[in-house]
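Here is the structure we will look at, set down as structure tokens.
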Amino acid sequence: MKVMAAPPETAILQVDDLSVCFETSRGSVQAVSGVSFAMAKGEVYALVGESGCGKSTTALAVMRLVPPPGRIRRGHIRLGDEDLLALSDEAMADVRGRRLAMIFQNPLVSLNPVYRAGSQIEEAISLDSVPRPVAWRRAIEVLGRVRIGDPAERALRYPHELSGGMRQRVMTGMMISRTPDLLIADEPTTALDVTIQARILDLLMDLCSHSGMALLIITHDLGIVAEIADRVGVMYAGSLVEQAPVYELYEDPLHPYTRMLMRALPRLGKGQGRLETIPGSVPDLIALPAGCAFHPRCPERLAICASQTPVSRVVGGGRTVACHRGEVDR
Amino acid sequence: MPMATAPQAPPSWPLVRLDSARKYFPIRGGLFGHSARYVRAVNNVSMTIERGETFGLVGESGSGKTTLARLIPGLLRPSGGRVLYDGRDIARTHGGELNRLRRRMGIVFQDPASSLNPRSPVRASIRRPLDLQGVRGREAERRVLETIDRVNLGREVLDRYPHQLSGGQQQRASIARAIILNPELVILDEPTSALDVSIQAQILNLLQSLQEQIRLTYLFITHNLSIVRYMSDRIGVMYLGKLVEVAPAEALHDRPFHPYTAALLSASPPLNPRLRDRKRYRLEGDPPSLISPPPGCGLHPRCPFAVEVCSERTPPLVEAAARRLVACHRWEELTLKVGPGA
Ligand SMILES: Nc1ncnc2c1ncn2[C@@H]1O[C@H](COP(=O)(O)OP(=O)(O)OP(=O)(O)O)[C@@H](O)[C@H]1O
Ligand SMILES: Nc1ncnc2c1ncn2[C@@H]1O[C@H](COP(=O)(O)OP(=O)(O)OP(=O)(O)O)[C@@H](O)[C@H]1O
Ligand code: SF4
Ligand SMILES: [Mg+2]
Ligand SMILES: [Mg+2]
């Protein structure tokens, strides 16, 4: 029996065969190639992978905010029963305001430099026709929840008067001030210290378990993934090579890339063994190798890997993997 | 300590020793342009780094790690206390002698760009320390080749510019530059924070094998507790400009003595989803200012275990067990454990 990663009837987000490219003077950059995944209500799904593998581009496609010269070449994206790629720009803007929200990798991008931190949150809250004074009070409350010290005073500051970490927390506050159906958080804690990071992660998880908000978290930090994800998608060179519930991914990774990544993590003490390294380097997304994009670096490659692109197959237990190994014997 | 001026310190001396070292940065813009206020970036730190060990230094942003590291080669002069390298007081060393001492240390920063000149080929940056020592021509080239071999860089990168190298290659080049004069001590300030997991693994392996091959001593600064544990023999934990705990790496992870160490360990994701429900120690609020740090123990406004004495007296760094130091009034009463279960 085939087990779907998340049954479509409960899926809040469903991405099918998404491909995004950037047309540059050097050629067409295949940033995202045929990515499919689904998320259930209240679920925390982590998209992981090394720098440049297409995580942010995937998220931006869901928001329909891929910047030029990028364009969505193929695929479907559904949020609940809404077909996002078929919506008019106005309708999409409305969805972004109400049902979808994103914490961007660079928080200055989405904080408006000419408005005070508190006003930006107040704005978001008053979208629900909450009266201004109430919205302001709630904005200050939200700043406190994202661990900003002295929130009443900080609410009056402009973005450039705040540190990078604080801007990131203001962004987080803005996004959680009205609970969206889906929150996309792109590296939401990179500029933060671990103790503050832990607070923000707690807060996000709390929202998911209490309000049913789904969280798509994007990170290259496999510690954060271990800490909060329900399921994980591993990307390599624009493709989703493996998806699994978090425990299975850490304990029994199936894709050779995931396996190597897991063994590259420093989990022991000094003198208790060397870390695994992955030979070679990531491919140029303009000239992706034929077959499996990982084959030039893969110690387990077969003859077929150099010519045929492996398709993602469901292997049971809510897992998918795109690798020729095991296609016959599993 | 009168021996500090001895010309040749016995080898039993620690390679690096800080005695109540302080670094206060004055803040300008007072009423009459006077600066009566200071950022107490390093505030009375005493510690040693032994020959051949890796001393890991952790602590949150702004706790003074980089400032402490810059005191050792004398890139910053201490505002008080002493910094001794191989028994010699750095602040009293000048000119040629200081130069000779510095030659025995290398530094690698988080951002490789800061040690590689963007406008010259990588060869020039790697060779630069040799130029400064007057080593030229064939001999210089021989040592460049020998060193890039040590860090597993191919010769083809030497003629490229830094931007034509990957992040991992850039960091290898900075390591090559740091070790080309055969130093004893290498200061590594967040050397892998900007790198991906697989590249990070390559650099950490490289650093460990270099240490074995040429018996280097490392001061390894990071905020990543998994990395510091993997790399270090001993770990020092900084909070608000002070060293609050020093312990062998495994002991520190198994049983931290200081509440701040316990909080840091609890907050650091352990790379294992089964440890999600571990017992945790949480701190309230944000770190206070370094300009007017709280009286007594710097942690007391946030510490779940604080009692009256904590806000009155500064706990000294005391020997708590073999090779273990801690600065907390209550360490003996507390049994802190950040581990599975709970
Ligand atoms: N505007 C653009 N023009 C050309 N190429 C782009 C553009 N934006 C992104 N890319 C390329 O698309 C690929 C995917 O980028 P993306 O930002 O999605 O990666 P990522 O996984 O989020 O990486 P990181 O972890 O570094 O944030 C990269 O190779 C990147 O260079
Ligand atoms: N040259 C300087 N002038 C004034 N203040 C300084 C200077 N250098 C550092 N500081 C301050 O000293 C404190 C300690 O800084 P330091 O860079 O040593 O911290 P750190 O522990 O290395 O932090 P991070 O983890 O962010 O690198 C900070 O508050 C910093 O702003
Ligand atoms: S001295 Fe007091 S405030 Fe400081 S860490 Fe120990 S118990 Fe906490
Ligand atoms: Mg990104
Ligand atoms: Mg620093």
Task: Whole-percent carbon and sulfur share, accessible surface of chain B, 1.4 Å - done: 49 percent
- [ ] For an R0 of 35 angstrom, estimate the FRET efficiency from the Cβ-Cβ distance between B:ALA124 and B:SER209 and round to the nearest 0.05.
- [x] 0.85
- [ ] Identify all lysines with a Cα-Cα distance to A:LYS41 below 29 Å; exclude those on the same chain that are fewer than 8 residues away in sequence.
- [x] A:LYS2, A:LYS55, B:LYS279
- [ ] Starting from the Cα of B:LYS337, step 7 Å along the direction of its Cβ; do the same at B:SER292; then give the gap between the two resulting points in nm.
- [x] 4.2 nm
Open item on the list: Between helix A:132-145 and chain A, what is the angle of the helix's C-alpha long axis to the longest principal axis, kept within 0 to 90° and rounded to the nearest 10?
Closed with: 50 degrees
- [ ] Kindly report, to the nearest 10 Å², the accessible surface of B:GLU333 as traced by a 1.4 Å probe over protein heavy atoms only.
- [x] 120 Å²
Task: Virtual spin-label span in nm between A:SER307 and B:ARG77, 7 Å along Cα→Cβ - done: 7.3 nm
- [ ] Leaving ligands, DNA and RNA out of it, report the carbon-plus-sulfur percent of the accessible area of region A:216-278 at a 1.4 Å probe.
- [x] 47 percent
Task: Exposure ranking of B:PHE55, B:PHE109 by accessible area [1.4 Å probe, largest first] - done: B:PHE109, B:PHE55
Open item on the list: Let me spell out the model: positive unit charges on the Cβ of Lys and Arg, negative unit charges on the Cβ of Asp and Glu, origin at the Cα centre of chain A. What dipole size does that give, in debye rounded to 20?
Closed with: 460 debye
Task: Computed [θ] at 222 nm, helices only, for the protein assembly as shown once each DSSP H run of length n ≥ 4 contributes -39500 (n - 2.57) - done: -8500 deg cm²/dmol
Task: Dipole magnitude (debye, nearest 20) for the protein assembly as shown, charges at Cβ of Lys, Arg, Asp, Glu - done: 1980 debye
TODO: With a 1.4 Å probe on protein heavy atoms only, work out how much accessible surface A and B bury together, total over both chains, in Å² to the nearest 100.
DONE: 3600 Å²
- [ ] Enter the angle in degrees (range 0 to 90, nearest 10) between the Cα long axis of helix A:194-211 and the first principal axis of the Cα atoms of chain A, meaning the one along which they spread out most.
- [x] 90 degrees
- [ ] Using a 1.4 angstrom probe on heavy atoms only, work out the carbon and sulfur share of the accessible area of region A:107-179 in %.
- [x] 55 percent
Task: Reachable aspartates and glutamates from B:LYS337, criterion Cα separation under 18 angstrom, eight or more residues apart if same chain - done: B:GLU245, B:GLU250, B:ASP254, B:ASP277
- [ ] Please list the non-local residues whose amide H lies under 5 Å from the amide H of A:SER239, H modeled 1.01 Å from N, same-chain partners needing a gap of 5 or more.
- [x] A:SER33
Task: Mean accessible surface per residue for the protein assembly as shown, computed with a 1.4 Å probe while every protein chain stays in place, in Å² - done: 43 Å²
Task: Interface residues, region A:251-271 - accessible area loss of 20 Å² or more versus chain alone, probe 1.4 Å - done: A:GLU251, A:ALA264, A:LEU265, A:PRO266, A:ARG267, A:LEU268, A:GLY269, A:LYS270
- [ ] Please find the FRET efficiency linking B:ARG51 to A:TYR247, where r is the Cβ-Cβ separation and R0 is fixed at 56 Å, and quote it to the nearest 0.05.
- [x] 0.80
Task: FRET efficiency, B:ARG282 to B:VAL318 (Cβ-Cβ, R0 25 Å, nearest 0.05) - done: 0.45
Open item on the list: With 28 Å as the cut-off, how large is the P(r) tail for chain B, expressed as percent of Cα-Cα pairs?
Closed with: 47 percent
TODO: Excluding residues fewer than 8 places away in the same chain, name every one of the lysines whose C-alpha is closer than 29 Å to that of B:LYS23.
DONE: B:LYS65, B:LYS242
Open item on the list: Using 0.36 nm times the number of residues separating A:ARG73 and A:GLU90, minus their current alpha carbon distance, what extension gain do you get?
Closed with: 4.0 nm
- [ ] With label points built 7 Å along Cα→Cβ from the Cα atoms of B:LEU145 and B:GLU97, find their separation and express it in nm.
- [x] 3.9 nm
Open item on the list: If I fit a long axis through the Cα atoms of helix A:164-176 and take the longest principal axis of the Cα atoms of chain A, what angle between them do I get, 0 to 90°, rounded to 10?
Closed with: 80 degrees
TODO: With a 1.4 Å probe and every protein chain left in place, tell me how much accessible area B:THR335 has, in Å² to the nearest 10.
DONE: 110 Å²
Open item on the list: Rounded to the nearest 10 Å², what accessible area does B:TYR239 have for a 1.4 Å probe in the complete protein model?
Closed with: 10 Å²
Task: Centroid-to-centroid separation of region A:160-181 and region B:283-342 [C-alpha atoms, Å] - done: 31 Å
Task: Electrostatic dipole magnitude of chain B [Cβ: Lys, Arg +1; Asp, Glu -1; Cα centre; debye, to 20] - done: 640 debye
TODO: Using θ = phi - 60° and the Karplus relation 6.51 cos²θ - 1.76 cosθ + 1.60, list the HN-Hα couplings for region B:234-243 in order, rounded to whole Hz, with x at every Gly or Pro.
DONE: 10, 10, x, 10, 9, 9, 6, x, 10, 8
Task: Convex hull (Cα only) mean projected area of the protein assembly as shown, reported in nm² to one decimal - done: 34.1 nm²
Open item on the list: Please list, in order along region B:314-323, the HN-Hα scalar couplings obtained from phi with the Karplus expression 6.51 cos²θ - 1.76 cosθ + 1.60 (θ = phi - 60°), rounded to whole Hz, x for Gly and Pro.
Closed with: 7, x, x, 7, 10, 6, 9, 6, 4, 6
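The values are calculated or read from the model by the stated rules, or taken from the named source; none is laboratory data. On a predicted model such as this, the values are computed, not experimentally measured, just so you know. So basically every Cβ, Gly included, is an ideal-geometry build from the backbone, and we count neighbours across all protein chains shown. The protein model used for the area step is the full one, side chains on, heavy atoms only, and it has no ligands, DNA or RNA in it. Shrake-Rupley method; radii C 1.70, N 1.55, O 1.52, S 1.80 Å.
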